[in-house]
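J.: The structure is given below, and queries will be raised subsequently.
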Amino acid sequence: MKLTVLMENTACRTDMVCTHGLSFYIESGGKTILFDMGPGAQFAENAQTLGVDLAAVDYAVLSHGHYDHGGGMDVFFRRNQRAPVFVREGAFATHTDKAGKSISLDMALKTSKRICFTGESCQIDDHAQLFSAVQGDAFVPEICKSLLEYGAPDRFAHEQDLLLEENGKLFLFGGCAHCGLVNILERATQVAGRAPDYVFSGMHLAVGESVPDDFTRALGEKLKTYPCKFYTCHCTGLQPYAVLKTVLGDQLDYASAGSVIVL
């Protein structure tokens, strides 16, 4: 499995564009997968710099219905003429932040024939499946609870995660883990029959403000009990990452725009 980070809040190379958003390019099992598309065209600019051919992507996945993950969907449609985009039902709902600012997707894209709406589970092929229906409230950051759907607290039913299996290894890919990464890990273990070996996801610990360090340390102690290597990014935030790193050590690394990870 090879992961190239096309978009993230930070960059590890001076020739990368970085902004608040996320996009992964994944090569696994003979397939090329685009996971999220950032807030606009920046992910495509970085793809070109990195020599990633978006036209050759086999399929794309949208983790949830917020602009910083799906704002570049129209750009992807223009760069790739054939790949389906797997989108969770409800992703095109009206989403706002606590200040009432829209963080929704472009509603005009909802009727695209390229979009494949998914339910609580979706088997893409023998090596890839999507899941949602995450239960529990363990370690759900308070800042997630301030996000709204149609003016009410968002239940994040529109959030989905990707499981890939290759050469006996299990990889979990998430966007912001609004449902709580611990709860997502429990659901992934239920779906796959075992815990993932590697996890790539934001944790939504810092968007404008960071969660208290005590919360982050306790989360780190819980994550330490899982047999996973974690690569985090985006909405985790640099301060919470530093706190988590003191707890998790080599079990945790950061994935910036331009990072290439081969496992």
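J.: With Rg and the Kirkwood Rh both taken from Cα atoms, where does Rg over Rh land for region 173-247?
T.: Details: Rg = 11.7 Å, Rh = 12.4 Å.
Radius of gyration over Kirkwood radius for region 173-247 works out to 0.95.
J.: Going highest first, how would you order 105-111, 201-207 by mean Cβ packing within 10 Å?
T.: 201-207, 105-111
J.: Full-extension gain between Gln251 and Asp126, please, as 0.36 nm times their residue separation minus the C-alpha to C-alpha distance.
T.: Extending this stretch completely gives an extra 42.2 nm.
J.: If the reach is capped at under 22 angstrom between alpha carbons, list the lysines near Lys2, excluding any in the same chain fewer than eight residues apart.
T.: Lys31, Lys169, Lys229
J.: Would you please report the Å³ per residue occupied by the convex hull of the alpha carbon atoms in region 90-223?
T.: 115
J.: Could you list Glu209, Glu120 in order of exposure, starting from the residue whose Cβ has the fewest other Cβ atoms within 10 Å? Working shown, then result.
T.: Values: Glu209 10, Glu120 13.
Placing the least packed residue first, the sequence is Glu209, Glu120.
J.: Mind checking the log10 I(q)/I(0) for the chain at q = 0.13, 0.14, 0.17 Å⁻¹? Debye, one equal scatterer per Cα, no solvent, two decimals.
T.: So the normalised log intensities work out to -0.76, -0.90, -1.44.
J.: While we're looking at this one, here's another question. For an R0 of 41 angstrom, estimate the FRET efficiency from the Cβ-Cβ distance between Glu209 and Ala108 and round to the nearest 0.05.
T.: Efficiency, rounded to the nearest 0.05: 0.80.
J.: A follow-up question, please. So what's the back-of-envelope 222 nm ellipticity for the chain, counting only DSSP H runs of four-plus at -39500 (n - 2.57) apiece and dividing by all residues, rounded to 500? Display every interim value, and only then the final one.
T.: Working: 6 runs with 54 residues, N = 263.
Here the helix-only value at 222 nm equals -6000 deg cm²/dmol.
J.: Check cross-link reach from Lys145 to the lysines: straight Cα distance under 26 Å, and skip same-chain residues fewer than eight apart.
T.: Answer for Lys145, where 26 Å is the Cα cut-off: Lys98, Lys101, Lys110, Lys222, Lys224, Lys245, listed by chain and number.
J.: When DSSP beta bridges are limited to those with both residues in the chain, what percentage is antiparallel, rounded to the nearest 5?
T.: Details: 33 of 53 bridges.
Counting only bridges with both partners in the chain, antiparallel ones make up about 60 percent.
J.: Measuring from label point to label point, each 7 Å out along Cα→Cβ, what is the Ala242 to Ala93 span in nm?
T.: Between Ala242 and Ala93, the label points sit 3.6 nm apart.
J.: Please report the projected area of region 1-43's Cα convex hull averaged over all directions, in nm².
T.: Averaged projected area of region 1-43's Cα convex hull equals 3.0 nm².
J.: A further question follows. Would you work out the relative contact order for region 30-136, in percent, from Cα pairs under 8 angstrom that are 6 or more residues apart?
T.: RCO, region 30-136: 23 percent.
J.: If you don't mind, there's one more thing I want to ask. Determine the relative contact order of region 2-262: mean sequence separation of Cα pairs under 8 Å and six or more apart, normalised by residue count, in whole percent.
T.: Over region 2-262, the number comes to 19 percent.
J.: Please give me, ordered by residue number, the trypsin sites (Lys or Arg not before Pro) of region 1-81 that lie in loop per DSSP and have at most 14 other Cβ atoms within 10 Å.
T.: Working: sites: Lys2, Arg13, Lys31, Arg78, Arg79; in loops: Arg13.
Sites meeting the loop and neighbour criteria: Arg13.
Laboratory data are not the source of any read-out in this text; all were calculated from the coordinates shown. What you see is a predicted model, and the numbers here were worked out from it, not measured in a lab. Ideal geometry is used to build each Cβ from the backbone, glycine not excepted, and the neighbour counts take in all protein chains shown.
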